[in-house]
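Notes to accompany the following structure.
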Amino acid sequence: MVANSVPESHEDRCIGSFLGTACGDILGAGVEGQSADTIRNRHGEVREFLDTFRGVGCYTDDTEMTLALATSLVERGTADAEDTSLKYAEFYEPRRGYGATAHRVMGALQNGADYRKTGRIEFPNGSFGNGGAMRIAPVGLAYRHASDEMLHQAVEAALLCTHIHPEAIDGAFTQAKAIAILATSDPNGFDRRQFLETLLGHSTVFVVQRKLEILLEQSDEGVSDDEVIYTVGNGIRASEAVAASLWAFLRYGDKPEECLIRAVNFGGDTDTIGAMVGAQLGSLYGSAWIPSRWYTQIENRRHGRDFMIDLAKTLARLDIGG
Ligand code: F2R
Ligand code: MG
Ligand code: MG
């Protein structure tokens, strides 16, 4: 496998994005919620999939919701808020480690609740969690040539039943725009700083903007990852996990496998930061960088590795708004 070669096709970028999401999610799942110090003390550095109560190679809600969203996109040919809500409910397995509010929403949707109302089920202004950003990569891939307005509408539709909070929407839009740019860029000579400046120019929510500004301010200095992550955060808020994922990409994005490992070892919401970085790396580089020791361990039951690859191939045919 040759890392950093130009992907053979858009199809390979979609496969790389899905498998990258799964690898980051699985790599981080065994240490989700632990600080970087705790991870260092317990594991040195996490480089391999760990055994969790779900088993080695089992993904979490991040991958499950990504696959549900992608399935809706290919079946409908567009981001349809009602159909995505039905797909999230259909794919939902409680053991995948959903957030507390997300569990309630999935239960309500399974019982026929109105998808236009479930986003306020717990908080009047909606969840600011990163559950929208963690799953949005398929929208970035399918709408890679669409206008910003069209991409934004698709993000809002994909999030409506779970995340209506402005921070969650802006975090997800930032990740979707990142995926759209990466999926249409040549990895050779890719300017990661300019990429981040572009994303900053598209963000409209102060808490997200400020964190992206901090990443740019720190990028030329000899600061440690711990210092940067301490400043922007690595938790369940959309603005934190998105910023942490982009820091990993900014600093280590020329070495994809290492980049994903570093991202997970930042600590905090490790599976989600890993899933988002994995989607970014796959969208730029395709699938060749994914080490076979990870690839072979990705679960391959229903909605497993083979399903992901087939779904990615179908998604690759979509070019909405292009
Ligand atoms: N929830 C988890 N992990 C918990 C542990 C799992 C366990 N170890 C296991 O492996 O099984 N991970 C997943 O949740 C995150 C995505 O969250 P999402 O989808 O946004 O969920 P939710 O429930 O909407 O929000 C999460 C929590 O954030 C707080 N919160 C959100 N909005 C709030 C608001 N407006 N005001 C106050 N608090 C708010 C709440 O505590 C929510 O429960 C990912 O990490 C994914 O991996
Ligand atoms: Mg998760
Ligand atoms: Mg998580």
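Nothing in this text is a laboratory measurement; each read-out follows from the coordinates by a stated rule. Predicted model, so just to flag it, every value in this text is computed and none were measured. Every residue, glycine as well, gets a Cβ built from its backbone with ideal geometry; the counts of neighbours run over all protein chains shown.
Overview of values
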{"quantity": "Where a residue in region 196-209 is farther than 17 Å from ILE179 by Cα and free of Cβ contacts under 8 Å to residues at least 40 places away in the same chain and its partner, wherever it lies, is not acidic (Asp, Glu) and not in a helix (DSSP H, G or I), with Cβ under 8 Å and at least six apart", "calculated": "GLN209/SER203"}
{"quantity": "Positions within region 25-50 being small (Gly, Ala, Ser) and on the phi < 0 side of the Ramachandran plot, in sequence order", "calculated": "GLY28, ALA29, GLY30, SER35, ALA36"}
{"quantity": "Which listed residue, of THR66, THR52, is free of Cβ contacts under 8 Å to residues at least 40 places away in the same chain, under 23 Å from ALA100 (Cβ atoms) and within 16 Å of ligand 2 (Cβ to nearest atom)", "calculated": "THR52"}
{"quantity": "Any hit, region 264-274, residues being buried (at least 24 other Cβ atoms within 10 Å of the Cβ), hydrophobic (A, V, I, L, M, F, W, C) and within 26 Å of GLU90 (Cα to Cα)", "calculated": "yes"}
{"quantity": "Subset of region 32-49 (residues that are within 12 Å of ligand 2 (Cβ to nearest atom) and buried (at least 18 other Cβ atoms within 10 Å of the Cβ))", "calculated": "GLU32"}
{"quantity": "Hits in region 50-65 - residues which are farther than 22 Å from PRO291 by Cα and not in a loop (DSSP other than H, G, I, E, B)", "calculated": "ASP61, MET65"}
{"quantity": "Which numbered condition GLY129 fails, given (1) crowded, with 17+ Cβ neighbours inside 10 Å; (2) farther than 30 Å from LEU182 by Cα", "calculated": "(2)"}
{"quantity": "Residue satisfying condition, being outside any helix (DSSP H, G or I) and either within 16 Å of ligand 3 (Cβ to nearest atom) or touching a helix residue (DSSP H, G or I) at 6+ places or on another chain (Cβ under 9 Å) (or both), within set ARG47, ARG95, ARG104", "calculated": "ARG47"}
{"quantity": "Hits in region 235-252 - residues which are away from ligand 1 (no atom under 16 Å from the Cβ) and either acidic (Asp, Glu) or surrounded by fewer than 24 Cβ atoms within 10 Å (Cβ to Cβ) (or both)", "calculated": "LEU250, ARG251, TYR252"}
